[in-house]
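**Q** Attaching a single structure in structure tokens format; questions to follow.
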Amino acid sequence: PRQQFAYIRLNVAVDVYDSDKRNPDLSRYYNRKVPVTQIDLSSKTAFDTLFDKISEGQNRALFDLAAGAGDALKYLVHGDIQLAGTLKELGARLTIVFVLNRSRSSLAALHQSFIDLKEVPVDWIVVRNNHYGEPEKYIRYANSNTRIEARSRGAIELDMPELLDDLYDELDQSSVPFCEAADSEKLSFTNKRRIRAWLEKFDGEIDRAMAVL
């Protein structure tokens, strides 16, 4: 969702797709601001609309890939679309934004993504979610072969600042995006200030990667 707000902030036209049926955060937070198209990953034609729109001249598309979508991703790469060839024909490039926590399973998922997409030209962005600890606590990632692989692929590493749990839960419960919450009359001055500070920090991080977003 933060990437989508960056496009809104910079007035960048983008088509938005949400494939997460259980947690459709893009739809829930941003459908009031931009149209969000729901995609069913169980369909072999799930990505057709996206590629057809790009072929017609839409130069940016944002796709929220649901957790556990490995089979759909493999089919996209190796199935009848043949992702690498499709991107080449369209003159397009893929950017993967992978939000990492400190768990072993999160690191394994990033490693598997490198394997699944090894034949595809990709710009990688790895985001350390500081809700799970400051950057220096990402020891497992820092000392891993996966990070070596990420750097060999030119991955940009970003840090997503932590926000107070209670404040985040309040925004999540009401489905209010951060950009609106920063001026919400329903929040106290101090909580609005926390959100503005969070936005300033994370916008600075995102700006470092906008060249590939």
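Results for (1) in contact (Cβ under 8 Å) with a residue 60 or more places away in the chain; (2) under 13 Å from residue 195 (Cβ atoms), shown as yes or no for each residue.
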residue: 140; (1), (2): no, no
residue: 144; (1), (2): no, no
residue: 147; (1), (2): no, no
residue: 152; (1), (2): no, no
residue: 160; (1), (2): yes, no
residue: 164; (1), (2): no, yes
residue: 167; (1), (2): no, yes
residue: 171; (1), (2): no, yes
residue: 175; (1), (2): yes, no
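**Q** Of all residues in segment 16-47 being charged (D, E, K, R) and in contact (Cβ under 8 Å) with a residue 24 or more places away in the chain, which is surrounded by the most Cβ atoms within 10 Å (Cβ to Cβ)? Break it down stepwise before answering.
**A** Of the residues in segment 16-47, the ones charged (D, E, K, R) are 18, 20-22, 25, 28, 32-33, 40, 44.
From what is left, the residues that are in contact (Cβ under 8 Å) with a residue 24 or more places away in the chain are 18, 20-22, 25, 28, 33, 44.
Details: 18: 22, 20: 19, 21: 12, 22: 7, 25: 16, 28: 17, 33: 14, 44: 13.
Looking at the filtered set, the residue picked out is 18.
**Q** I'd like to check something: does segment 162-175 contain any residue that is crowded, with 18+ Cβ neighbours inside 10 Å and closer than 30 Å to residue 90 by Cβ?
**A** No; the residues of segment 162-175 include none that is crowded, with 18+ Cβ neighbours inside 10 Å and closer than 30 Å to residue 90 by Cβ.
**Q** Another one. Among what's in segment 191-213 and is among the aliphatic types (A, V, I, L, M) and either out of contact with any strand residue (DSSP E or B) (no Cβ under 9 Å at 6 or more places or on another chain) or more than 21 Å from residue 25 (Cβ to Cβ) (or both), pick the residue that is surrounded by the fewest Cβ atoms within 10 Å (Cβ to Cβ).
**A** The selected residue is 211.
**Q** Pick out the one residue from 152, 188, 184 that is over 26 Å from residue 107 (Cβ atoms) and open to solvent by 30 Å² or more (accessible area, probe 1.4 Å).
**A** 188
**Q** Considering only segment 92-134, state which residues are in a loop (DSSP other than H, G, I, E, B), open to solvent by 20 Å² or more (accessible area, probe 1.4 Å) and of a type outside the set (S, T, N, Q).
**A** Within segment 92-134, 92, 93, 102, 118, 119, 121, 134 meet the criteria.
**Q** Sticking with this structure for a sec: Looking only at segment 54-70, decide whether some residue is open to solvent by 60 Å² or more (accessible area, probe 1.4 Å), in contact with a Gly (Cβ under 9 Å, 6 or more places away or on another chain) and not aromatic (Phe, Trp, Tyr).
**A** no
**Q** Tally time: how many residues in segment 139-184 are farther than 17 Å from residue 30 by Cβ, part of a loop (DSSP other than H, G, I, E, B) and not aliphatic (A, V, I, L, M)?
**A** Number of matching residues: 6.
**Q** Name, by its number, the condition in (1) closer than 19 Å to residue 6 by Cα; (2) open to solvent by less than 20 Å² (accessible area, probe 1.4 Å) that does not hold for residue 159.
**A** Unmet for residue 159, out of (1) closer than 19 Å to residue 6 by Cα; (2) open to solvent by less than 20 Å² (accessible area, probe 1.4 Å): (2).
The values are calculated or read from the model by the stated rules, or taken from the named source; none is laboratory data. Every value quoted in this text rests on a predicted model; they were computed, and no experiment measured them. We place every Cβ from the backbone using ideal geometry, glycine too, and count neighbours over all the protein chains shown. Ligands, DNA and RNA are excluded from the accessible area calculation, which covers all protein heavy atoms including side chains. Shrake-Rupley method; radii C 1.70, N 1.55, O 1.52, S 1.80 Å.
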